[in-house]
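The values are calculated or read from the model by the stated rules, or taken from the named source; none is laboratory data. Just so you know, these numbers come straight off a predicted model, no measurement behind them. Here Cβ is always computed from backbone atoms with ideal geometry, including for glycine, and neighbour counts include all displayed protein chains. Side chains are part of the model used for accessible areas, which takes the heavy atoms of the whole protein and leaves out ligands, DNA and RNA. Shrake-Rupley method; radii C 1.70, N 1.55, O 1.52, S 1.80 Å.
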Amino acid sequence: MFTVSSEVGRLRQVLLHRPDLELLRLTPANKDDLLFDEVLWAKRARQEHDVFADTLRERGVQVFYVADLLAETLKNDQARAHVLDHTAAETVLGPTLA
């Protein structure tokens, strides 16, 4: 379980998302709406992210990736059904998409 109990204590675990397709969808027209100062070079952003994650690990921080945790969760039939029921439901997407 992830919790934050101190703003000044030692960071022990962190949950990260590695930049990917969302950066490829970033354009000069939508960058301001998405709160970016400029369009990023996706490959470079991933490299910088990897250096950041490695630096955390070198300092003893346990790094978890959202995509890995989701993939692990979806292997469980009951958890997968729960996720689908709450994300692909008609009440969430509307009748056409569901």
Distance between segment 9-38 and segment 40-61 - C-alpha centres, whole angstrom
13 Å
Expected max-MSF residue from Glu48, Glu22, Glu72 in the GNM of the chain (alpha carbon, under 10 Å) is Glu22
At 7 Å along the Cα-to-beta-carbon direction for both Thr96 and Ala53, put a label point, then send me their distance in nm to one decimal.
3.7 nm
Report the charge-dipole magnitude of the chain in Debye, nearest 20, computed about the Cα centre from +1 at each Lys and Arg Cβ and -1 at each Asp and Glu Cβ.
340 debye
Loop-resident trypsin sites (Lys or Arg not before Pro) in the chain with no more than 11 other Cβ atoms inside 10 Å, DSSP not H/G/I/E/B, are Arg10, Arg12, Arg25, Arg59, Lys75
Round to a whole number: what % of the accessible area of the chain belongs to carbon and sulfur, probe 1.4 Å?
55 percent
Express the relative contact order of the chain as a whole percentage, based on alpha carbon pairs under 8 Å and six or more residues apart in sequence.
28 percent
Everything considered on the Cα gyration tensor (a ≥ b ≥ c; rounded for a/c under 1.5, else prolate if a/b is larger than b/c, else oblate), the chain must be described as oblate
Under a plain spin-label model, where a point goes 7 Å from the Cα along Cα-to-Cβ, how far apart in nm are Asn30 and Ala88?
2.3 nm
Regression test value, accessible area per residue of the chain, probe 1.4 Å, units Å², expected 84 Å²
